[in-house]
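The values are calculated or read from the model by the stated rules, or taken from the named source; none is laboratory data. Since the model is a prediction, treat every value here as computed from it, not as a measurement. Virtual Cβ from ideal backbone geometry, glycine too; neighbours counted across all protein chains shown. Note: accessible area is taken over every heavy atom of the protein model, side chains too, but ligands, DNA and RNA are not part of it. Shrake-Rupley method; radii C 1.70, N 1.55, O 1.52, S 1.80 Å.
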Amino acid sequence: MSSLLFDIRFAIRALKRNTWFTIVAVATLAIALGANTAIFSVVDAILLRPLPFSTSARIVTIAGYNSVRVARKDAEVSAWPDLEDLRKQSKTLEHLAAYSESASYIYPSGEPVPVSGAAVGSEMFDVLAIKPELGRRFTARDDLPDAPPVIALSHETWMHLYAGDQAIIGKTVRFGNSGKPRTVVAILPPGLRFPINTDTISFWAPIGPTLGDNFTERGAHFLFATGLLRRGVTVAQAESDANVVAARLQKAYPDNDTGLKFAVDSCQERLTRGVRPALMLLTVAVFVVLLIGCANVANLLLARAAGRHREIAVRSAIGATRGRIIRQLLVESVVLSLLAGAIGALLATWGVDLLVALAPPTIPRLDTVHVDGKVLFFTAALSMLTGIIFGLAPAISASNTNLTECLNDASRGSTEGRKRGRLRNLIVGGEIALSLVLLTGAGLLLRSFVQLFATNPGFDSRSVASLAFSPRTSTYPDDTRVYAFQKRVIEEASHLPGVKSAAGVDLLPLAGDQNINTFNIAGRPEALPGQGPTATILSITPHFFETLSIPLLQGRDFTANDTENSERVLIVDQTFVKRYFPHENPIGHQIVFGGNKTKPRTIVGIASPIRFVSVDVEPTITFYAPQSQRTSNYIHIVTRSDNPAAQLRPLREIMRRLDPQQPVIDVRTFESLRVETFGSRRFLLTLTALLALLALVLAAIGIYSIMAYSVAVRTPEIGIRMALGAESSEIFRLIIRHSVQITAGGLLAGVIAAVIATRTMRTLLYGVVPGDPITLAAVSAVLAAVAIVASYIPARMAAKVDPLVAIRYD
């Protein structure tokens, strides 16, 4: 221990004596370590940290899916009756609760206050192992369709809207579009957030009374579900058991449950599935930057070791063993890296705030990201490892010293160059290779982003503003009055200054919601149960296609004559036509939804296909029905104008004028929604590009330093060459040639590594393949250009060497 303390004190003195070396090395490592710390804090909070429930390790998600039509990975939602049967029959699930995210209103003093929360099954309290701060849990009775309406308020909502009134339990609050009273039966514990991926939780309501006809409808798949595994049960065992139940349901209910299976996943794994590949890529990228930083510092240590060869030789001469010298040099490296790690941790606290600010709100658990003790321990451990990584090779090389050569000044230049030149060249070549891999990844992401942004979704969002609302059932209790109020809003919106057209639609493209229905074509054989085709169906008003600039290819648009009492009609898209009517005109044919349980709809028009789910998902079959014949209570009013942002306030004023008590759910430009869909990709691209740029700068510094040091070491040789008649241009080319050789080797290794490494990015790319030759060529050209520029100054210095001074130096 005493010898270690001596080594530490000696290392600190040595670093103080070499101020500029210490500053450059610490700055290089601090930036790299700070970036690693910031990214790790994000990875830890989102991927590694358990969910904030004592039962976290046993919480799973359950999703039903038709295995004939849907891949397991796409399973998300289930029907209530199927989940109830699974809850009762499962041998591996201790509890199961369905839930549905919900936006609604509370009226604490007459005026509606928008709130977000969830309708949850009564066993949700057991799944999450939580106890109400006040009041009682939901019971099985609360989940029945005719149960008295009750509600549980979040602690934060209770404090904010009701000033923490202890007597609120048992009292009623007005809730929902109807503003009907609900009895408060519980105050949820502080800080509770479930569903996890929502911003805030203001309330929980029992889910049963919200289901209506879907309480017994097995074809209505729209509920999420979570369960609690019995102790000792694995996720795989739970899924196997759930599919035993699914097999029973297939036999008992073939019309709806044919092909039914359940996907059971760890809740945490399912929650982070969408962001895991991106975070893993960032983790690798930031570690590559650290390796490049280590390479630069290793080169600095090699150069510094060349200046300490006499010191090391003297220590060896007086009895220091090679192992003792290596340990001393490694201690210096670790002290250096720990100092850099401390500064890096400070930088990371700022970097985390920047990451959270840049990140899109769709990333789950983002508000829990911070630098804590676990992150600091990671930084300390990584710093020590870093010190060993960049210090080991220079320490071994420096300790391998020939005493006679080191004490002979005349042999210094050539001997030192021969011994350590190859190692330095290898390190710089490695920097170039790593930089090329990182730059290639960033280049592929950039090309993907550009192609995705340029992809035509099938509609024009640039000039559209949107107003979302849901008419209050207390004032508009039936479809006729709901649609009449919607028509009034659309009519008022169409007369706003600058508005060219206005319409309504129940679900906006790219907004994340989807209404999928099975259908049959009248006159054709009906599909077997569970194997029928599906389509997204939208309820729209006249002028919708005009407002969103969706071309109507054939037939007619909906008109005011398409009423509740007229013939039921439908507009289909070209995707449907190509698949089911490739050689005939579908207009006049009829479509039946839900297994012939509804009246047929006659096709009256064909629209151009749109990308409804996401810009990177190919168009799927989309049907359009008149809002007058398929009235949806929730609607978006869309307007087209030259300045959509200027329409936002007038749209709110229309609602305030027509019905002051009607809450507005959302008002925004459609383009802002479209841009938000690229948020995750932009976040990943921005961070990867920043890391790639940092890698490029570090690689340039590495090339410059090796070339500058090479010139310094070879000064006597250069002087002799010039004394024997070599021209300055020849010396210039000599140094540039050396740089080109190192760069070429690094580029070759980097291209091979990039082709292999980018295969793991396949799921993150769009419109470009891993190992894309254009990207590789462009990145290689950039790196080669940077290498030449970085070598220019050392080469010019070599070309200006005075032969007499150089020979005298030798």
Cα centre as origin, Lys/Arg/Asp/Glu Cβ charges: the range 615-662 dipole, Debye: 320 debye
Amide proton proximity set for Y105, modelled H, under 5 Å, gap of 5+: V115, G176, N177
DSSP beta bridge pairing in the chain, given as percent antiparallel to the nearest 5: 80 percent
Lys, Arg +1 and Asp, Glu -1 on Cβ, resulting dipole of the chain about Cα centre, debye, nearest 20: 2660 debye
Among 524-532, 631-639, the order from most to least packed when residues are scored by Cβ within 10 Å on average: 631-639, 524-532
J(HN,Hα) series, the range 232-247, from Karplus relation 6.51 cos²θ - 1.76 cosθ + 1.60, nearest Hz, glycine and proline x: x, 8, 8, 4, 4, 5, 5, 5, 4, 5, 4, 7, 5, 5, 4, 4
Using distinct alpha-carbon pairs, which all enter the 1/r mean, Kirkwood radius of the chain in Å: 31.5 Å
Rounded to the nearest 10 Å², the accessible area of W158 at probe 1.4 Å: 10 Å²
Geometric extent, Cα atoms of the range 453-573 - Rg, Dmax (angstrom): 16.7, 53
Dipole-positive endmost among I12, I39, S56 within the range 1-62 (Cβ charges, Cα centre): I12
Solvent-accessible area, 1.4 Å probe, carbon plus sulfur percent, for the range 60-112: 44 percent
The range 197-278 - Rg (one decimal) and Dmax (whole number), Cα, Å: 15.7, 43
Taking only Cα atoms of the range 319-379, radius of gyration then Dmax in Å: 18.3, 63
HN-Hα J in Hz across the range 45-52 - Karplus 6.51, -1.76, 1.60, θ = phi - 60°, x for Gly and Pro: 5, 8, 9, 9, 6, x, 4, x
Dipole axis of the range 189-255 (+1 Lys, Arg; -1 Asp, Glu on Cβ), positive-most option in F215, W204, V235: V235
Crossing angle, helix 679-713 versus the chain [Cα axis fit, 0-90 degrees, rounded to tens]: 0 degrees
Sequence of E123, E618 when ordered by accessible area, the most exposed leading, probe 1.4 angstrom: E618, E123
The chain - accessible surface per residue (Å², probe 1.4 Å): 44 Å²
Three-way shape label, the range 510-627, alpha-carbon gyration tensor, a/c 1.5: rounded
Helix axis angle, 80-89 relative to the chain longest principal axis, alpha carbon, degrees: 70 degrees
Dimensionless Rg/Rh of the range 66-197 - Kirkwood Rh, Rg from C-alpha atoms: 1.01
Length-normalised contact order for the range 166-253 - Cα pairs under 8 Å, 6+ apart - percent: 12 percent
Alpha-carbon spread of the range 582-718, three principal axes, descending order, Å: 95, 51, 28
Net charge, D659 excluded, C-beta distance under 15 Å - Lys, Arg +1, Asp, Glu -1: +3
Mean ellipticity per residue at 222 nm, deg cm²/dmol - from DSSP H runs of n ≥ 4 across the chain, formula -39500 (n - 2.57): -16500 deg cm²/dmol
Taking the chain and dividing mean pair separation by its residue count, relative contact order in percent (alpha carbons under 8 Å, at least six apart): 16 percent
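To two decimal places, what compactness ratio does the range 661-810 give when its Cα radius of gyration is scaled by 2.2 N^0.38 Å? The partial results should precede the final answer.
On the way: Rg = 24.4 Å, N = 150, 2.2 N^0.38 = 14.8 Å.
The reported ratio for this selection is 1.66.
Looking at this model, which pairs from K16/K800; K251/K578; K251/K599 are more than 30 angstrom apart at the alpha-carbon?
K16/K800; K251/K578
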Within straight-line cross-link reach of K500, lysines at Cα separation under 23 Å, skipping those fewer than 8 residues along the same chain: K487
0 to 90° range, to nearest 10: angle between helix 2-17 axis and the chain longest Cα axis: 90 degrees
Distance histogram for the range 136-215 (every C-alpha pair counted, 5 angstrom bins, percent rounded to whole numbers): 3, 15, 24, 25, 20, 11, 2, 0
q = 0.14, 0.21, 0.27 Å⁻¹, the range 424-496: log10 I(q)/I(0) [Debye, one scatterer per Cα]: -0.72, -0.97, -1.15
Phi to ³J(HN,Hα) by Karplus 6.51 cos²θ - 1.76 cosθ + 1.60 over the range 179-190, Hz, x for Gly, Pro: x, 6, x, 10, 7, 7, 10, 7, 10, 6, x, x
Contact order relative to length of the range 59-205, as percent, for alpha carbon pairs under 8 angstrom and 6 or more apart: 24 percent
